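Peer 1: My questions all concern the structure below.
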């Protein structure tokens with residue numbers, strides 16, 4: 001028995017709905033590629049912002065517990081005033097330890113600028129005294145007044161001018177990372193919207209047939225949403241895997257805390273990339289659903 005064409009279309013409604021979105025073609029690879037590329041870039045933006053924030057925070061924390069006393073005095077008074085400052089610091093509440101840097105350490109500090117053969121002992125270089133702060137810390141203003149009385153040529157540098165820019169840099173880098181992720185998500189949503197509109201326009205005739213046999217716009221839209229969401233999820237998973245491999249191949253952090261090393265994830269941070277494919281699927285779901293209903297309203 002041969003079924004009427006209209007009845008056959010009605011029975012095959014589910015298959016027809018899936019065929020509204022072609023399984024291959026430019027819309028398929030465009031959606032998958034866009035989701036993969038945006039996820040790949042998002043992982044590196046996230047890794048860069050987190051690593052930069054960690055580096056700035058580490059530098060800021062290290063400077064927060066240390067201070068430097070710079071002593072400029074005549075050569076015959078240098079050791080006397082150094083001993084007086086060390087004695088003063090040993091009785092100052094909030095100072096955990098203090099020590100004067102040797103000539104070899106001073107030469108090592110100046111080596112990047114003046115080379116390894118700098119005659120430190122023959123130059124009028126101030127004596128540097130390293131101060132490690134205890135918890136709770138010392139009274140900076142009170143310590144400055146005591147230093148002025150014991151050694152007029154001593155200047156206390158608590159590294160405030162260094163810590164403030166580092167703290168600001170950490171906050172701005174985290175903000176930049178968040179803005180980058182938002183821009184990447186918006187770009188992906190725009191590209192998927194264009195792909196969905198192109199697919200809907202290319203299948204306008206099929207959509208009209210589905211409407212004739214009783215298919216609702218919500219049913220047709222679900223076919224698009226399902227297909228494009230799966231494509232975005234697949235592409236994002238591939239991009240996330242490629243991004244994780246790339247991050248894992250980056251150099252490890254060195255002891256000096258170099259900016260271009262250690263640009264990866266640490267601890268629980270490695271879980272963040274695994275959240276990106278589901279997030280990409282949510283973006284694709286929202287973008288495709290909006291585009292589908294808007295386009296279906298425009299089609300006659």
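The values are calculated or read from the model by the stated rules, or taken from the named source; none is laboratory data. Just so it is clear, the structure is predicted and the values come from calculations on it, not from any experiment. FYI the Cβ positions are ideal-geometry reconstructions off the backbone, even for glycines, and counts take in every protein chain you see.
Peer 1: For residue 221, indicate whether it is assigned to a helix (DSSP H, G or I), touching a residue at least 12 places away in the same chain (Cβ under 8 Å) and surrounded by 14 or more Cβ atoms within 10 Å (Cβ to Cβ). First the steps, then the outcome.
Peer 2: Details: assigned to a helix (DSSP H, G or I): yes; touching a residue at least 12 places away in the same chain (Cβ under 8 Å): yes; surrounded by 14 or more Cβ atoms within 10 Å (Cβ to Cβ): yes.
Taking the combined requirement at face value, the residue satisfies it.
Peer 1: Moving to a separate point now. Would a scan of region 132-143 turn up a residue that is surrounded by fewer than 17 Cβ atoms within 10 Å (Cβ to Cβ) and either in a strand (DSSP E or B) or in contact with a helix residue (DSSP H, G or I) (Cβ under 6 Å, 6 or more places away or on another chain) (or both)? Even if it seems obvious, please write down each step before you answer.
Peer 2: Pass one, region 132-143, residues surrounded by fewer than 17 Cβ atoms within 10 Å (Cβ to Cβ): 132, 134-137, 139-142.
Now drop any that are not either in a strand (DSSP E or B) or in contact with a helix residue (DSSP H, G or I) (Cβ under 6 Å, 6 or more places away or on another chain) (or both), which leaves 132.
The answer is yes; a qualifying residue exists.
Peer 1: Has region 87-107 got at least one residue that is assigned to a helix (DSSP H, G or I), out of contact with any helix residue (DSSP H, G or I) (no Cβ under 6 Å at 6 or more places or on another chain) and modelled with pLDDT under 85? Write out each step before concluding.
Peer 2: To start, the set of residues in region 87-107 that are assigned to a helix (DSSP H, G or I) comprises 87-90, 103-107.
Restricting the remaining residues to those that are out of contact with any helix residue (DSSP H, G or I) (no Cβ under 6 Å at 6 or more places or on another chain) gives 87, 89-90, 104-105.
With modelled with pLDDT under 85 added as a condition, the list becomes 104-105.
Looking through region 87-107, at least one residue is assigned to a helix (DSSP H, G or I), out of contact with any helix residue (DSSP H, G or I) (no Cβ under 6 Å at 6 or more places or on another chain) and modelled with pLDDT under 85.
Peer 1: Okay, moving on. All but one of (1) closer than 30 Å to residue 276 by Cα; (2) crowded, with 16+ Cβ neighbours inside 10 Å; (3) touching a residue at least 12 places away in the same chain (Cβ under 8 Å) hold for residue 242; state the number of the condition that does not hold.
Peer 2: (2)
Peer 1: Let me ask something additional. Tell me which residues, restricted to region 144-163, are touching a residue at least 40 places away in the same chain (Cβ under 8 Å) and part of a loop (DSSP other than H, G, I, E, B). First the steps, then the outcome.
Peer 2: The first filter runs over region 144-163 and keeps only residues touching a residue at least 40 places away in the same chain (Cβ under 8 Å), leaving 146-147, 150-151, 153-159, 162-163.
Within region 144-163, 151, 153, 158, 159 qualify.
Residues checked against (1) under 30 Å from residue 224 (Cβ atoms); (2) assigned by TED's automatic domain parsing to the domain that holds residue 276; (3) assigned to a helix (DSSP H, G or I); (4) within 17 Å of the chain's Cα centre (by Cα):
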| site | (1), (2), (3), (4) |
| --- | --- |
| 165 | no, no, yes, no |
| 184 | yes, yes, yes, yes |
| 195 | yes, yes, yes, no |
| 200 | yes, yes, yes, no |
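Peer 1: Related question: For the list (1) free of Cβ contacts under 8 Å to residues at least 12 places away in the same chain; (2) assigned to a helix (DSSP H, G or I); (3) under 30 Å from residue 96 (Cβ atoms); (4) over 20 Å from the mean Cα position of the chain (by Cα), I need the number of the one condition that residue 205 fails.
Peer 2: (3)
Peer 1: Scan region 81-95 for residues that are in contact with a strand residue (DSSP E or B) (Cβ under 8 Å, 6 or more places away or on another chain) and surrounded by fewer than 17 Cβ atoms within 10 Å (Cβ to Cβ) and jot them down. Working first, answer last.
Peer 2: Of region 81-95, the ones in contact with a strand residue (DSSP E or B) (Cβ under 8 Å, 6 or more places away or on another chain) are 81-82, 85-86, 89-90, 94-95.
Of everything in region 81-95, those that are in contact with a strand residue (DSSP E or B) (Cβ under 8 Å, 6 or more places away or on another chain) and surrounded by fewer than 17 Cβ atoms within 10 Å (Cβ to Cβ) turn out to be 86, 90, 94.
Peer 1: Could you please give the count of residues in region 116-131 that are assigned to a loop (DSSP other than H, G, I, E, B) and either modelled with pLDDT of 80 or more or surrounded by 13 or more Cβ atoms within 10 Å (Cβ to Cβ) (or both)?
Peer 2: First, pick out the residues of region 116-131 that are assigned to a loop (DSSP other than H, G, I, E, B): 116-119, 123-126.
Subsequent filtering for residues that are either modelled with pLDDT of 80 or more or surrounded by 13 or more Cβ atoms within 10 Å (Cβ to Cβ) (or both) retains 118, 125-126.
Counting residues in region 116-131 that are assigned to a loop (DSSP other than H, G, I, E, B) and either modelled with pLDDT of 80 or more or surrounded by 13 or more Cβ atoms within 10 Å (Cβ to Cβ) (or both) gives 3.
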